[in-house]
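Following: one structure in structure tokens, then a few remarks.
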Amino acid sequence: MDRSLTGRIHSLESFGAVDGPGLRYVVFFQGCPLRCAFCHNPDSWDFSGGSEMGVEELVAKILPFRAFYREGGVTLSGGEPLAQPEFAAALLRRLKEEGLHTAVDTAGSVPLDRCRAAVDLADLLLLDIKALDAGLCRTITGQDGAGALALLEYCQKAGKPVWLRHVLVPGLTLDLTRLEELARFLAPYTCIQTMELLPFHQLGAHKWQQLGIPYTLADTKPPLPEEVEAARAVFRAAGMPVR
Ligand code: SF4
């Protein structure tokens, strides 16, 4: 194993509670190939940003907290962690050696033949499907989303547990017909342990302003609680494990 590998890291969080089961150490990777219209971390896009860190340097930061992660573990998030596949794999391998549960939070934008080793090493994938429709996905992210669907298919065949995530954006994805199509598509995937519907919010809007990037969703309001509940009901009706 190459423990001398370094990766570009955006930031670290010692007690993440929303990135997989239990309390988790979250390593946010720097760099993302997508440009999601609702991204709340546009400062994580630039592959030359962040700071360079080594595998052992990160492990040394994580291990002092390991007692807290008995029910949780470590999540690689981003940015897109699978866009630094060798570094992600080396870190996952090392964390496995330490007996820590690992999750990778990905949008599936990196071809599987580049990141299969990291995917195979992760105990759990948090997979974000932005939109089922390729055209809508391109509008939202700049890519057609085929990579995410291929990754889901791979997880199904490999028996890899997935927490599926989908962001509810009024005017884009918060559409009952689209959600019904998505629920029908996802329902047969028995690898999906949890379906998380994430309401769009404006908490990252200021970062777009700071970076001087045009933000197309400035006037979009977060969904109403009853709209979120209606979306959840669609997935429940399809027999999916909704949260
Ligand atoms: S995949 Fe995540 S980090 Fe990348 S642009 Fe989309 S929301 Fe932002």
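Please treat every number below as a calculation from the coordinates, not as lab data. Bear in mind the structure is a predicted one, so any value in this text is a computation, not a measurement. Cβ atoms come from the backbone with ideal geometry, glycine included; neighbour counts cover every protein chain shown.
Quick notes
- Evaluated over the chain, the count of Lys pairs having alpha-carbon atoms less than 25 Å apart is 8 (only pairs 8 or more residues apart or interchain).
- Between 0 and 90°, nearest 10: helix 225-237 axis offset from the chain longest Cα axis: 80 degrees
- Phi angles across segment 48-62 convert, under the Karplus curve 6.51 cos²θ - 1.76 cosθ + 1.60 with θ = phi - 60°, into 3J(HN,Hα) values of 9, x, x, 9, 7, 9, x, 4, 5, 4, 5, 4, 5, 7, 7 Hz, Gly and Pro given as x.
- Dipole magnitude for the chain: computed about the Cα centre from +1 point charges on Lys and Arg Cβ and -1 point charges on Asp and Glu Cβ, it is near 280 debye.
- Helix 146-158 axis versus longest C-alpha principal axis of the chain: approximately 70°, rounded to the nearest ten.
- Angstrom value of the Kirkwood radius, inverse mean 1/r, which spans all Cα pairs in segment 91-162: 12.8 Å
- Cα-based equivalent ellipsoid, segment 160-234: semi-axes from gyration tensor eigenvalues, Å: 27, 15, 10
- Solution diffusion estimate, µm²/s, Stokes-Einstein, segment 26-135, Kirkwood Rh from C-alpha pairs, 20 °C, viscosity 1.002 mPa s: 148 µm²/s
- Extension gain, PHE68-TYR189: 0.36 nm per intervening residue step, less the Cα-Cα distance, totals 40.4 nm.
- Gained length - THR6 relative to LEU203, 0.36 nm times residue gap less alpha-carbon distance: 67.9 nm
- For PHE29, the residues 5 or more places off, or on other chains, whose built amide H falls under 5 Å of its own are HIS10, SER77, GLY78.
- Most tightly packed first, judged by the mean number of other beta-carbon atoms within 10 Å of their residues, the peptides 59-66, 43-50 read 43-50, 59-66.
- At 0.890 mPa s and 25 °C, Stokes diffusion of segment 64-124 via Kirkwood alpha-carbon radius, µm² per second: 210 µm²/s
- Among beta bridges from DSSP that stay inside the chain, the antiparallel ones total about 25%.
- Compactness of the chain as Cα Rg over 2.2 N^0.38 Å, two decimals: 0.98
- Entry note, segment 40-192: relative contact order of 17 percent, from Cα contacts under 8 Å with a spacing of 6+ residues.
- Shown in residue order for segment 18-25 are the 3J(HN,Hα) couplings computed by the Karplus curve 6.51 cos²θ - 1.76 cosθ + 1.60 at θ = phi - 60°: 10, 10, x, x, x, 7, 9, 7 Hz (x for Gly and Pro).
- Computed over segment 147-243, relative contact order equals 35 percent, with contacts defined as Cα pairs under 8 Å that lie 6+ residues apart.
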